[in-house]
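The values are calculated or read from the model by the stated rules, or taken from the named source; none is laboratory data. As the structure is a computational prediction, the values presented were derived from the model and not from experiment. A quick note on method: Cβ atoms are made from the backbone with ideal geometry, for glycine too, and the neighbour counts reach across all protein chains shown. Note: accessible area is taken over every heavy atom of the protein model, side chains too, but ligands, DNA and RNA are not part of it. Shrake-Rupley method; radii C 1.70, N 1.55, O 1.52, S 1.80 Å.
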Amino acid sequence: MPQISDRGHTMPASPIRKLSKYADAAKARGVEVLHLNIGQPDLATPPQAIDAVRNFSGEYIPYSHSAGNITLRKKLAEYYNAIGIVISYEDILITNGGSEAICFAYYSILNYADEVIVPEPFYSNYYGFTTETGARMIPVRSTIESGFALPSIEEFEKALTPRTKAIMLCNPNNPTGYVYSRNELEQIRDLVKQYNLFLICDEVYREFCYDGEHYSVMNLQGIEDNVILIDSFSKRYNVCGIRIGALISRNKDVIATSLKFAQARLSPPSLGQIVAEALLDTPQNYIKESAKEYDKRRKFIINELNKIKGVRSPMPKGAFYSIVELPVDNAEKFCQWLLEEFQYEGSTIMLAPGNGFYTGKKLGDKQVRIAYILNIEKLTKAIECLKHALAVYPGRTN
(Lines give C-alpha, C1' and ligand atoms only; values in the text may rest on other atoms or scores of the structure.)
Protein backbone atom coordinates (compact mmCIF):
# COMPACT_ATOMS: atom_id res chain seq x y z
CA MET A 1 0.00 0.00 0.00
CA PRO A 2 1.38 3.49 -0.88
CA GLN A 3 2.65 5.45 2.14
CA ILE A 4 1.58 8.83 3.50
CA SER A 5 4.28 11.51 3.38
CA ASP A 6 6.50 12.37 6.33
CA ARG A 7 4.97 15.85 6.19
CA GLY A 8 1.51 14.32 6.50
CA HIS A 9 2.56 12.31 9.54
CA THR A 10 4.12 15.33 11.28
CA MET A 11 1.23 17.69 10.48
CA PRO A 12 -0.58 18.24 13.82
CA ALA A 13 -4.33 17.83 14.21
CA SER A 14 -6.15 20.97 15.30
CA PRO A 15 -6.83 20.99 19.07
CA ILE A 16 -9.79 23.25 18.28
CA ARG A 17 -11.47 20.74 15.96
CA LYS A 18 -9.89 17.36 16.73
CA LEU A 19 -12.70 16.33 19.10
CA SER A 20 -15.47 17.26 16.63
CA LYS A 21 -16.49 13.64 16.02
CA TYR A 22 -17.25 13.26 19.74
CA ALA A 23 -19.30 16.47 19.69
CA ASP A 24 -21.23 15.20 16.65
CA ALA A 25 -21.94 11.93 18.43
CA ALA A 26 -23.16 13.78 21.53
CA LYS A 27 -25.52 15.88 19.42
CA ALA A 28 -26.81 12.72 17.74
CA ARG A 29 -27.70 11.42 21.22
CA GLY A 30 -29.73 14.58 21.82
CA VAL A 31 -27.18 16.38 24.03
CA GLU A 32 -26.80 20.13 23.61
CA VAL A 33 -23.12 20.92 23.04
CA LEU A 34 -22.07 24.40 24.14
CA HIS A 35 -19.14 25.28 21.88
CA LEU A 36 -16.45 27.16 23.78
CA ASN A 37 -13.76 25.50 21.68
CA ILE A 38 -13.91 27.70 18.60
CA GLY A 39 -13.91 31.43 17.83
CA GLN A 40 -17.30 31.49 16.11
CA PRO A 41 -19.29 34.26 17.84
CA ASP A 42 -23.07 34.31 18.03
CA LEU A 43 -23.42 38.04 17.24
CA ALA A 44 -25.40 38.95 14.13
CA THR A 45 -23.40 39.66 10.99
CA PRO A 46 -23.88 43.27 9.78
CA PRO A 47 -26.78 43.55 7.30
CA GLN A 48 -24.40 45.06 4.72
CA ALA A 49 -22.87 41.60 4.29
CA ILE A 50 -26.17 39.76 3.86
CA ASP A 51 -27.47 42.43 1.47
CA ALA A 52 -24.32 42.20 -0.66
CA VAL A 53 -25.01 38.50 -1.25
CA ARG A 54 -28.73 38.98 -1.87
CA ASN A 55 -28.13 41.86 -4.26
CA PHE A 56 -25.46 40.17 -6.36
CA SER A 57 -26.67 40.58 -9.94
CA GLY A 58 -23.86 39.11 -12.02
CA GLU A 59 -24.64 36.51 -14.65
CA TYR A 60 -21.67 34.45 -13.53
CA ILE A 61 -19.07 34.49 -10.76
CA PRO A 62 -15.62 35.19 -12.23
CA TYR A 63 -12.08 34.90 -10.95
CA SER A 64 -10.75 38.09 -9.41
CA HIS A 65 -7.24 39.48 -9.71
CA SER A 66 -4.88 37.13 -7.84
CA ALA A 67 -4.05 39.96 -5.42
CA GLY A 68 -7.76 40.62 -4.85
CA ASN A 69 -10.18 43.11 -6.34
CA ILE A 70 -8.56 46.52 -6.66
CA THR A 71 -11.72 48.20 -5.36
CA LEU A 72 -11.53 46.11 -2.18
CA ARG A 73 -7.81 46.75 -1.73
CA LYS A 74 -8.26 50.51 -2.16
CA LYS A 75 -11.15 50.57 0.30
CA LEU A 76 -9.20 48.44 2.77
CA ALA A 77 -6.24 50.82 2.50
CA GLU A 78 -8.63 53.65 3.45
CA TYR A 79 -9.67 51.67 6.53
CA TYR A 80 -6.04 51.28 7.63
CA ASN A 81 -5.20 54.91 6.97
CA ALA A 82 -8.20 55.95 9.06
CA ILE A 83 -6.81 54.03 12.07
CA GLY A 84 -3.31 55.44 11.64
CA ILE A 85 -1.67 52.69 9.56
CA VAL A 86 -0.43 54.54 6.50
CA ILE A 87 -0.22 52.21 3.50
CA SER A 88 -1.13 51.98 -0.19
CA TYR A 89 -3.50 49.45 -1.72
CA GLU A 90 -0.40 48.05 -3.46
CA ASP A 91 0.87 46.94 -0.03
CA ILE A 92 -2.17 44.64 0.35
CA LEU A 93 -2.72 41.11 -0.88
CA ILE A 94 -6.22 39.68 -0.36
CA THR A 95 -6.15 36.07 0.83
CA ASN A 96 -8.39 33.13 1.61
CA GLY A 97 -8.74 34.06 5.27
CA GLY A 98 -5.92 35.10 7.57
CA SER A 99 -4.66 31.49 7.41
CA GLU A 100 -3.63 31.78 3.77
CA ALA A 101 -1.97 35.12 4.51
CA ILE A 102 0.24 33.41 7.11
CA CYS A 103 1.02 30.57 4.70
CA PHE A 104 2.01 33.01 1.93
CA ALA A 105 4.22 34.91 4.36
CA TYR A 106 5.92 31.68 5.45
CA TYR A 107 6.32 30.42 1.88
CA SER A 108 7.86 33.74 0.87
CA ILE A 109 10.44 34.14 3.64
CA LEU A 110 11.27 30.66 5.00
CA ASN A 111 13.60 28.03 3.61
CA TYR A 112 13.65 24.41 4.74
CA ALA A 113 14.83 24.18 8.39
CA ASP A 114 14.60 27.94 8.96
CA GLU A 115 13.22 28.93 12.34
CA VAL A 116 10.39 31.17 13.53
CA ILE A 117 10.36 32.28 17.17
CA VAL A 118 6.91 32.57 18.74
CA PRO A 119 5.67 33.22 22.29
CA GLU A 120 4.10 30.07 23.71
CA PRO A 121 1.21 29.23 24.05
CA PHE A 122 0.41 30.20 20.46
CA TYR A 123 -2.46 29.84 18.00
CA SER A 124 -2.24 26.14 17.15
CA ASN A 125 -2.36 26.54 13.37
CA TYR A 126 0.92 28.48 13.40
CA TYR A 127 2.61 25.18 14.18
CA GLY A 128 0.82 23.48 11.29
CA PHE A 129 1.79 26.25 8.86
CA THR A 130 5.48 25.98 9.77
CA THR A 131 5.26 22.21 9.38
CA GLU A 132 3.90 22.69 5.86
CA THR A 133 6.94 24.74 4.88
CA GLY A 134 9.48 22.38 6.45
CA ALA A 135 10.52 25.14 8.83
CA ARG A 136 10.70 24.93 12.64
CA MET A 137 8.75 26.81 15.28
CA ILE A 138 10.88 27.79 18.26
CA PRO A 139 8.85 28.64 21.38
CA VAL A 140 9.65 31.28 23.97
CA ARG A 141 7.48 30.46 26.94
CA SER A 142 5.04 32.82 28.62
CA THR A 143 3.30 31.67 31.80
CA ILE A 144 -0.11 31.76 33.39
CA GLU A 145 1.51 33.27 36.51
CA SER A 146 2.44 36.42 34.53
CA GLY A 147 -0.92 36.54 32.74
CA PHE A 148 0.96 35.40 29.61
CA ALA A 149 2.89 38.67 29.29
CA LEU A 150 5.60 38.85 26.63
CA PRO A 151 8.66 36.85 27.73
CA SER A 152 11.81 38.87 28.37
CA ILE A 153 13.91 39.93 25.41
CA GLU A 154 16.74 37.91 26.94
CA GLU A 155 14.63 34.78 26.41
CA PHE A 156 14.13 35.71 22.75
CA GLU A 157 17.87 36.23 22.37
CA LYS A 158 18.58 32.81 23.89
CA ALA A 159 16.31 31.27 21.24
CA LEU A 160 18.18 32.88 18.32
CA THR A 161 20.28 30.67 16.05
CA PRO A 162 21.83 31.20 12.60
CA ARG A 163 18.60 29.68 11.18
CA THR A 164 16.29 32.22 12.84
CA LYS A 165 14.38 34.10 10.15
CA ALA A 166 11.39 35.66 11.87
CA ILE A 167 9.46 36.39 15.04
CA MET A 168 5.73 35.70 14.98
CA LEU A 169 3.30 37.53 17.27
CA CYS A 170 -0.46 37.59 17.69
CA ASN A 171 -1.76 40.85 19.17
CA PRO A 172 -4.27 40.68 20.85
CA ASN A 173 -3.20 37.13 21.48
CA ASN A 174 -5.04 33.97 20.60
CA PRO A 175 -5.18 31.82 22.79
CA THR A 176 -4.28 33.88 25.88
CA GLY A 177 -6.06 37.20 25.34
CA TYR A 178 -2.89 39.13 26.25
CA VAL A 179 -2.36 42.50 24.53
CA TYR A 180 1.26 43.49 23.90
CA SER A 181 2.05 47.05 24.89
CA ARG A 182 3.87 49.59 22.75
CA ASN A 183 6.90 49.24 25.03
CA GLU A 184 6.96 45.45 24.59
CA LEU A 185 6.64 45.79 20.82
CA GLU A 186 9.44 48.36 20.69
CA GLN A 187 11.73 45.89 22.48
CA ILE A 188 10.86 43.33 19.80
CA ARG A 189 11.48 46.02 17.16
CA ASP A 190 15.00 46.59 18.45
CA LEU A 191 15.73 42.85 18.38
CA VAL A 192 14.35 42.50 14.85
CA LYS A 193 16.47 45.42 13.67
CA GLN A 194 19.64 44.18 15.38
CA TYR A 195 19.44 40.68 13.89
CA ASN A 196 17.77 41.63 10.57
CA LEU A 197 14.69 39.44 11.11
CA PHE A 198 11.18 39.55 9.76
CA LEU A 199 8.40 40.42 12.20
CA ILE A 200 5.05 38.81 11.37
CA CYS A 201 2.10 39.95 13.44
CA ASP A 202 -1.47 38.65 13.40
CA GLU A 203 -3.70 41.59 14.37
CA VAL A 204 -7.07 40.04 13.59
CA TYR A 205 -8.51 41.04 16.99
CA ARG A 206 -7.22 44.65 17.09
CA GLU A 207 -10.66 46.15 17.74
CA PHE A 208 -11.19 43.98 20.78
CA CYS A 209 -8.88 45.50 23.41
CA TYR A 210 -10.58 46.09 26.77
CA ASP A 211 -7.94 47.58 29.06
CA GLY A 212 -6.10 49.97 26.76
CA GLU A 213 -5.37 50.91 23.17
CA HIS A 214 -3.99 48.60 20.51
CA TYR A 215 -0.61 49.48 18.99
CA SER A 216 0.13 48.09 15.53
CA VAL A 217 3.51 46.73 14.49
CA MET A 218 3.00 48.66 11.25
CA ASN A 219 3.72 51.82 13.25
CA LEU A 220 7.07 50.65 14.63
CA GLN A 221 9.75 53.01 13.31
CA GLY A 222 12.89 51.77 11.60
CA ILE A 223 11.78 48.26 10.53
CA GLU A 224 9.26 49.14 7.83
CA ASP A 225 10.67 46.53 5.42
CA ASN A 226 10.81 43.83 8.10
CA VAL A 227 7.12 43.87 9.06
CA ILE A 228 4.38 41.61 7.66
CA LEU A 229 0.87 42.20 8.98
CA ILE A 230 -1.82 39.50 8.96
CA ASP A 231 -5.47 40.52 9.07
CA SER A 232 -8.95 39.12 8.48
CA PHE A 233 -12.57 40.19 8.23
CA SER A 234 -13.77 37.06 10.06
CA LYS A 235 -13.82 38.20 13.68
CA ARG A 236 -14.25 41.95 13.27
CA TYR A 237 -17.58 41.54 11.48
CA ASN A 238 -18.48 37.95 12.47
CA VAL A 239 -18.22 36.59 8.93
CA CYS A 240 -15.86 33.65 9.48
CA GLY A 241 -17.30 31.79 6.50
CA ILE A 242 -16.52 34.38 3.81
CA ARG A 243 -12.81 33.46 4.13
CA ILE A 244 -11.34 36.87 3.36
CA GLY A 245 -8.07 37.94 4.93
CA ALA A 246 -5.11 40.08 3.98
CA LEU A 247 -1.32 40.09 3.95
CA ILE A 248 0.02 43.63 4.31
CA SER A 249 3.63 44.73 3.96
CA ARG A 250 5.58 47.76 2.79
CA ASN A 251 8.28 45.34 1.65
CA LYS A 252 7.77 45.17 -2.12
CA ASP A 253 9.71 41.90 -2.43
CA VAL A 254 7.42 40.22 0.12
CA ILE A 255 4.32 41.35 -1.77
CA ALA A 256 5.75 40.38 -5.17
CA THR A 257 6.83 36.95 -3.92
CA SER A 258 3.55 36.30 -2.12
CA LEU A 259 1.70 37.26 -5.29
CA LYS A 260 3.37 34.37 -7.12
CA PHE A 261 1.88 31.95 -4.59
CA ALA A 262 -1.44 33.79 -4.92
CA GLN A 263 -1.34 33.35 -8.69
CA ALA A 264 -0.76 29.62 -8.24
CA ARG A 265 -4.05 29.35 -6.33
CA LEU A 266 -5.67 31.67 -8.94
CA SER A 267 -7.77 34.05 -6.83
CA PRO A 268 -9.36 34.65 -3.42
CA PRO A 269 -13.13 33.98 -3.12
CA SER A 270 -15.03 36.33 -5.43
CA LEU A 271 -18.30 36.43 -3.48
CA GLY A 272 -16.37 36.77 -0.24
CA GLN A 273 -14.64 39.85 -1.60
CA ILE A 274 -17.96 41.42 -2.56
CA VAL A 275 -19.16 40.86 1.00
CA ALA A 276 -15.91 42.21 2.46
CA GLU A 277 -16.10 45.40 0.42
CA ALA A 278 -19.66 46.00 1.59
CA LEU A 279 -18.61 45.37 5.20
CA LEU A 280 -16.16 48.26 5.09
CA ASP A 281 -19.25 50.53 5.06
CA THR A 282 -20.41 49.07 8.39
CA PRO A 283 -20.97 51.85 10.94
CA GLN A 284 -18.17 51.96 13.52
CA ASN A 285 -20.81 51.56 16.21
CA TYR A 286 -21.20 47.88 15.20
CA ILE A 287 -17.62 47.10 16.22
CA LYS A 288 -17.86 49.22 19.39
CA GLU A 289 -21.02 47.41 20.49
CA SER A 290 -19.46 44.04 19.69
CA ALA A 291 -16.43 44.91 21.82
CA LYS A 292 -18.69 46.04 24.64
CA GLU A 293 -20.57 42.73 24.53
CA TYR A 294 -17.37 40.67 24.53
CA ASP A 295 -16.09 42.71 27.46
CA LYS A 296 -19.24 41.87 29.41
CA ARG A 297 -18.86 38.17 28.60
CA ARG A 298 -15.14 38.29 29.47
CA LYS A 299 -15.70 39.68 32.93
CA PHE A 300 -18.57 37.29 33.62
CA ILE A 301 -16.91 34.02 32.62
CA ILE A 302 -13.42 34.73 33.99
CA ASN A 303 -14.84 35.78 37.36
CA GLU A 304 -17.06 32.69 37.46
CA LEU A 305 -14.23 30.37 36.44
CA ASN A 306 -11.96 31.66 39.19
CA LYS A 307 -14.68 30.96 41.77
CA ILE A 308 -14.45 27.22 41.04
CA LYS A 309 -12.04 25.41 43.36
CA GLY A 310 -8.83 24.46 41.55
CA VAL A 311 -9.60 26.51 38.42
CA ARG A 312 -7.40 29.42 37.38
CA SER A 313 -7.59 31.88 34.49
CA PRO A 314 -5.96 35.31 34.11
CA MET A 315 -8.24 38.14 33.01
CA PRO A 316 -7.58 38.48 29.25
CA LYS A 317 -6.98 41.99 27.93
CA GLY A 318 -8.24 41.44 24.40
CA ALA A 319 -9.64 39.08 21.75
CA PHE A 320 -12.22 36.63 23.15
CA TYR A 321 -10.16 33.74 24.47
CA SER A 322 -8.46 32.66 27.65
CA ILE A 323 -6.23 29.81 28.73
CA VAL A 324 -7.78 28.10 31.76
CA GLU A 325 -5.97 25.76 34.16
CA LEU A 326 -8.13 22.90 35.46
CA PRO A 327 -7.73 20.46 38.40
CA VAL A 328 -7.67 17.41 36.12
CA ASP A 329 -5.19 14.64 35.35
CA ASN A 330 -5.20 15.38 31.62
CA ALA A 331 -7.14 18.16 29.90
CA GLU A 332 -7.52 16.40 26.55
CA LYS A 333 -8.86 13.30 28.26
CA PHE A 334 -11.24 15.52 30.26
CA CYS A 335 -12.45 17.32 27.11
CA GLN A 336 -13.21 13.99 25.42
CA TRP A 337 -14.93 12.68 28.57
CA LEU A 338 -17.18 15.77 28.60
CA LEU A 339 -18.44 14.86 25.14
CA GLU A 340 -18.59 11.08 25.50
CA GLU A 341 -19.77 10.49 29.06
CA PHE A 342 -21.04 13.66 30.69
CA GLN A 343 -24.12 15.82 30.51
CA TYR A 344 -25.86 18.10 32.95
CA GLU A 345 -29.55 18.81 32.40
CA GLY A 346 -29.17 17.76 28.77
CA SER A 347 -26.07 19.87 28.02
CA THR A 348 -22.29 19.56 27.92
CA ILE A 349 -19.41 21.77 26.86
CA MET A 350 -16.75 21.49 24.20
CA LEU A 351 -13.33 22.94 25.06
CA ALA A 352 -10.03 23.07 23.18
CA PRO A 353 -7.30 21.00 24.93
CA GLY A 354 -4.38 23.19 25.93
CA ASN A 355 -1.63 20.84 24.75
CA GLY A 356 -2.26 21.85 21.13
CA PHE A 357 -1.12 25.40 21.86
CA TYR A 358 2.37 24.34 22.95
CA THR A 359 5.25 22.56 21.25
CA GLY A 360 6.00 20.75 24.51
CA LYS A 361 2.68 18.93 24.86
CA LYS A 362 2.93 18.35 28.63
CA LEU A 363 3.00 22.11 29.20
CA GLY A 364 -0.70 22.37 28.41
CA ASP A 365 -1.88 19.03 29.72
CA LYS A 366 -3.90 20.65 32.52
CA GLN A 367 -5.08 23.60 30.45
CA VAL A 368 -7.85 24.35 27.98
CA ARG A 369 -8.60 27.30 25.77
CA ILE A 370 -12.07 28.77 26.06
CA ALA A 371 -13.73 31.16 23.64
CA TYR A 372 -16.32 33.36 25.35
CA ILE A 373 -18.34 33.82 22.17
CA LEU A 374 -21.74 32.74 23.50
CA ASN A 375 -24.30 34.96 25.21
CA ILE A 376 -24.41 35.29 29.00
CA GLU A 377 -27.30 32.84 29.32
CA LYS A 378 -25.34 30.11 27.54
CA LEU A 379 -22.12 30.99 29.33
CA THR A 380 -24.01 30.60 32.63
CA LYS A 381 -25.14 27.16 31.52
CA ALA A 382 -21.58 26.32 30.46
CA ILE A 383 -20.22 27.30 33.88
CA GLU A 384 -22.79 25.09 35.60
CA CYS A 385 -21.82 22.21 33.32
CA LEU A 386 -18.15 22.70 34.17
CA LYS A 387 -18.82 22.86 37.92
CA HIS A 388 -20.81 19.65 37.89
CA ALA A 389 -18.37 17.93 35.51
CA LEU A 390 -15.38 18.68 37.75
CA ALA A 391 -17.32 17.42 40.77
CA VAL A 392 -17.77 13.95 39.23
CA TYR A 393 -14.80 13.60 36.86
CA PRO A 394 -12.81 10.49 37.87
CA GLY A 395 -9.49 12.17 37.08
CA ARG A 396 -9.93 15.28 39.23
CA THR A 397 -6.66 16.08 41.01
CA ASN A 398 -7.78 18.27 43.94
ask   = Over region 101-151, what is the relative contact order in whole percent, taking alpha-carbon pairs under 8 Å and six or more residues apart?
value = 39 percent
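Tell me the net charge near Lys193. Cut-off is 14 Å between Cβ atoms, Lys193 excluded, with +1 for each Lys or Arg and -1 for each Asp or Glu. Mind dumping the intermediate values first?
Details: positive: Arg189; negative: Glu157, Glu186, Asp190, Glu224, Asp225.
So the surrounding residues net to -4.
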ask   = Cα gyration tensor of region 156-290, axes a ≥ b ≥ c as square roots of the eigenvalues: rounded (a/c below 1.5), prolate (a/b > b/c) or oblate?
value = oblate
note = Phi angles of region 138-155, converted by Karplus (6.51 cos²θ - 1.76 cosθ + 1.60, θ = phi - 60°) into ³J(HN,Hα) in whole Hz with x for Gly and Pro, give 10, x, 10, 7, 9, 10, 5, 5, 8, x, 6, 4, 4, x, 5, 4, 4, 5
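Relative contact order (percent) for region 251-348, with alpha-carbon contacts under 8 angstrom and 6 or more residues of separation? Don't skip to the end; give the middle numbers.
On the way: 35 pairs, mean separation 11.8, N = 98.
Answer for region 251-348 is 12 percent.
Within region 31-96, what whole-number % of the accessible surface is contributed by carbon and sulfur, with the 1.4 Å probe and all protein chains included in the calculation? Don't skip to the end; give the middle numbers.
Numbers: 1870 of 3450 Å².
That share works out to 54 percent.
Once the other residues with Cβ under 15 Å from the Cβ of His388 are scored (Lys, Arg +1; Asp, Glu -1), what is the net sum?
Working: positive: Lys307, Lys309, Lys381, Lys387, Arg396; negative: Glu32, Glu304, Glu341, Glu345, Glu384.
Charge balance near His388 sits at 0.
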remark   = Per residue, accessible area of region 259-398 with a 1.4 Å probe, heavy atoms of protein chains only, in Å², comes to 41 Å²
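Give me the mean projected area, in nm² to one decimal, of the convex hull enclosing the Cα positions of the chain.
Working: hull surface 84.1 nm².
Averaging across all directions leaves 21.0 nm² for the Cα convex hull.
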query = Which of Pro139, Ala28, Ile102 sits farthest toward the positive end of the charge dipole of the chain, with +1 on the Cβ of Lys and Arg and -1 on the Cβ of Asp and Glu?
reply = Ala28
note = Descending accessible area (1.4 Å probe), largest on the left, turns Ile85, Ile70 into Ile70, Ile85
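Can you sort Thr95, Thr257 by 1.4 Å-probe accessible area, starting with the largest? Don't skip to the answer; put the middle values down first.
Working: Thr95 0, Thr257 40 Å².
Output order, biggest surface exposure first: Thr257, Thr95.
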note = Taking every other residue with Cβ under 11 Å from the Cβ of Ile153 and scoring Lys and Arg +1, Asp and Glu -1, one gets -4
query = Counting only DSSP beta bridges with both residues in the chain, what percent are antiparallel, rounded to the nearest 5?
reply = 50 percent
message = Taking a virtual spin label 7 Å from the Cα of Lys158 along the C-beta vector, which residues in region 115-141 bring their backbone nitrogen under 12 Å of it?
response = 140-141
request  = Specify the residue with the greatest mean-square fluctuation among Arg136, Arg250, Arg163, computed from a Gaussian network of the chain linking alpha-carbon atoms under 10 Å apart.
outcome  = Arg163
request  = Mind pulling the angle between the C-alpha long axis of helix 70-82 and the longest principal axis of the chain? Nearest 10 degrees, somewhere in 0 to 90.
outcome  = 70 degrees
query = Where in the chain lies the longest segment free of chymotrypsin sites (Phe, Trp or Tyr not before Pro) that are both loop residues by DSSP (not H, G, I, E, B) and have at most 10 other Cβ atoms within 10 Å?
reply = 113-398
ask   = Straight-line reach from Lys260: which lysines have a Cα under 22 Å away, not including same-chain ones fewer than 8 places off?
value = Lys74, Lys165, Lys252
inquiry  = Tell me the relative contact order for the chain as a rounded percent, counting alpha carbon contacts under 8 Å between residues six or more apart.
reply    = 24 percent
inquiry  = Exposed loop sites here are GluC sites (Glu not before Pro) in DSSP loop states with at most 16 other C-beta atoms within 10 Å. What is the longest stretch of the chain lacking them?
reply    = 60-212
